[in-house]
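Encoded as structure tokens, the structure appears first; notes follow it.
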Amino acid sequence: QVQLVESGGGLVQAGGSLRLSCAASGRTFNMAWFRWVPGKEREFVAAIYWSGSSTDYTDSVKGRFTISRDNAKNTVYLQMNSLKPEDTAIYYCAAQKRAYLGGIMGPYDYWGQGTQVTVSS
């Protein structure tokens, strides 16, 4: 069982930046970030292939967020720039233990505990 530990969340003003990190206790395949606001559905934010060669983003964060990974450290990052109040959520890291036909669309086998991101207006 791989453990995922997120860090880097916090409170920031609109227009500011945060960098989230997710450290995995073992090797993983594709990885992703999701976010959740109480009362709403969990939302896909970004994903990255195991090689780092390809990424995908939800439309609302394109051009502002960047996902990357360091396989030597078993870590994935989410650089968030130009943050908006609507980005406020709990951000979760997720990872696949093997390749699936759905690719980065899932399913995801491992989940972190989440880190709170709050953007004030």
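The values are calculated or read from the model by the stated rules, or taken from the named source; none is laboratory data. Just so we're clear, the structure is a prediction, and the values are computed from it rather than from any experiment. Cβ sites come from the backbone with ideal geometry, for glycine too, and all protein chains shown count toward neighbours. Ligands, DNA and RNA are stripped out before the accessible areas are found, and what is left, the full protein with its side chains, is counted by its heavy atoms. Shrake-Rupley method; radii C 1.70, N 1.55, O 1.52, S 1.80 Å.
Remarks
- Answer residue from the range 52-70, given it is in a loop (DSSP other than H, G, I, E, B) and open to solvent by 60 Å² or more (accessible area, probe 1.4 Å) and is farthest from GLY9 (Cα to Cα) among those: SER53
- One residue stands out in the range 92-121 among those that are of a type in the set (S, T, N, Q) and open to solvent by 10 Å² or more (accessible area, probe 1.4 Å): the one that is farthest from MET80 (Cα to Cα), namely GLN113.
- Within the range 1-58, restricting attention to residues that are more than 16 Å from the chain's Cα centre (by Cα) and basic (Lys, Arg), the residue that is nearest to GLU86 (Cα to Cα) is LYS40.
- Test: residue in the range 94-114 that is acidic (Asp, Glu), at pLDDT 95 or above and touching a helix residue (DSSP H, G or I) at 6+ places or on another chain (Cβ under 8 Å): no
- Beta carbons closer than 8 Å, at least 6 apart along the sequence or on distinct chains, pair a first residue in the range 10-27 that is on the phi > 0 side of the Ramachandran plot with a second that is part of a strand (DSSP E or B) for GLY10/LEU18; GLY10/GLN116; GLY10/VAL117; GLY10/THR118.
- Residues considered: LYS73, LYS97, LYS40. Of these, the only one that is within 15 Å of GLU6 (Cβ to Cβ), basic (Lys, Arg) and part of a loop (DSSP other than H, G, I, E, B) is LYS73.
- Exactly one residue out of TYR91, TYR77 is closer than 20 Å to ALA14 by Cα, aromatic (Phe, Trp, Tyr) and under 14 Å from the mean Cα position of the chain (by Cα): that is TYR91.
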